[in-house]
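**Q** My questions will all concern the structure given below.
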Amino acid sequence: MKIAIAGGTGFIGRHLIKYFLERKYSLILISRNRKPSSHSLIRNATWAELKSDVRVLEGVDAIVNLAGETINQRWTNAAKERILQSRLDTVKQIADIVSRMEKKPQVVVNASGISIYGTSETKTFVEHSDPNVSDFLSGVVAQWEQAMDSIPDTRIVKLRLGIVLGMDGGAFPKMMLPYKLGIGGRIGSGRQVLSWIHIHDLCRLIEFCIENEDIIEQINATAPQPVTNDEFGRALAKAMNTSHRFPVPAFMMKLMFGELSTLLLEGQRALPYLATEYEFHFQYPVLESALRDLLGSAKQLK
């Protein structure tokens, strides 16, 4: 299989590249600057090069777009603009590239987010649940997904990501830090729901979406058993053999992170209905098994 990846330098992208290389897939990595690669299965292309000539992408089976400004920063007005425009601009470029390709890719898998459902402590969301634009991030995802509809003449999968758990990036290392220091505890009320997925299952799910022609439109990239913030902290404390007894008040999170604190203080229960319907089998369906694997892998690396 031949796959093009945009955003391959990020946390998810790095794992996805490693996963695909283990399966001997040919990869084309799209980035702003050309990066030399010593791996025989990797070629590189820049956005500037593709603007004038798309022949390097001819014959790719799929394009995976993970590119976008990180949301893990204080949401100033300037940061909000970068977060939104980076996503819209990348999708626009991919739409232009696909439109000029003589042989279209079979599928474009584009990152999205479960934030599109809005936040709730009581509701459960699946792929056919209505979007609820109620805050900055849900608005970004709604515009992002609308832009994806402009990608022509190919199957589109909108990969609605939950919190991706991995040891070397994303939110998980920061979530572990208080427990390493022995000061872990629930955040805010602790009732906010955390919809999560192990990084390895995410890579497998992306491959599954590429291979399964019946999957179109949105799919929730979350494990089948979400947990509350308090349940997550207790499971993490147990796995790390430490305590879970120092709650962090909501006002403290707002002072520290500003509007970004909504990611930690509010949540949504998003279930992978379509993945389950199409018989995708999670290797880490429950949090305890995911934590055992992640923390066990970290110990092996020491």
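**Q** If one takes the longest principal axis of the Cα atoms in the chain, at what angle in degrees, from 0 to 90 and to the nearest 10, does the Cα axis of helix 229-240 lie?
**A** 90 degrees
**Q** Taking the Cα centre of the chain as the origin, how large is its charge dipole in debye, to the nearest 20, when only Lys and Arg (+1) and Asp and Glu (-1) carry charge on their Cβ atoms? Walk me through the numbers before you get to the answer.
**A** Values: 36 positive and 32 negative charges, 266 e Å.
Computed charge dipole of the chain: roughly 1280 debye.
**Q** Here's something else I'd like to know. Over the chain, what is the relative contact order in percent, taking alpha-carbon pairs closer than 8 angstrom and at least six residues apart?
**A** Working: 556 pairs, mean separation 54.3, N = 302.
The value is 18 percent.
**Q** Under the rule of at least 5 residues apart or a separate chain, name every residue whose amide H is placed under 5 Å from the amide H of ILE5.
**A** Amide H neighbours of ILE5, under 5 Å, 5+ apart: ILE28, LEU29, ILE30, VAL64.
**Q** What are the radius of gyration and Dmax of segment 209-302, computed over its Cα atoms and given in Å?
**A** Computed over the Cα atoms of segment 209-302, radius of gyration and Dmax are 16.9, 48 Å.
**Q** Could you tally the net charge around THR46, taking each other residue with its Cβ under 15 Å from the Cβ of THR46, Lys/Arg +1 and Asp/Glu -1?
**A** On the way: positive: ARG32, ARG34, LYS35, ARG43, LYS51, ARG55; negative: GLU49, ASP53, ASP89, ASP96.
Value of the local net charge: +2.
**Q** Also, I was wondering about something else. For the chain, set up a Gaussian network in which alpha carbons nearer than 10 Å are linked by springs, and say which option among VAL133, VAL108, VAL193 fluctuates the most.
**A** VAL133
**Q** With each label point set 7 Å from Cα along the Cα-Cβ vector, what nm distance links ASP153 and GLU22?
**A** 3.6 nm
**Q** Taking only the Cα atoms of the chain, how large is their convex hull per residue, in Å³? Don't skip to the end; give the middle numbers.
**A** Values: hull volume 40.1 nm³, N = 302.
In the chain, the Cα hull volume divided by residue count equals 133 Å³.
**Q** How much length would be gained if the chain were fully extended between THR276 and ARG14, taking 0.36 nm per residue of separation minus their Cα-Cα distance, in nm to one decimal?
**A** Additional length available on full extension: 91.7 nm.
**Q** What is the log10 of I(q)/I(0) for segment 1-99, computed with the Debye formula using one identical point scatterer on each Cα and no solvent, at q = 0.16, 0.17, 0.22 Å⁻¹?
**A** The calculated log intensity ratios at q = 0.16, 0.17, 0.22 Å⁻¹ are -0.70, -0.78, -1.18.
Read-outs: derived from the displayed coordinates by stated rules, not from any lab. What you see is a predicted model; the values in this text were computed from it and never measured. Don't worry about glycine lacking a Cβ; one is built from the backbone with ideal geometry, like all the others, and counts go over all protein chains shown.
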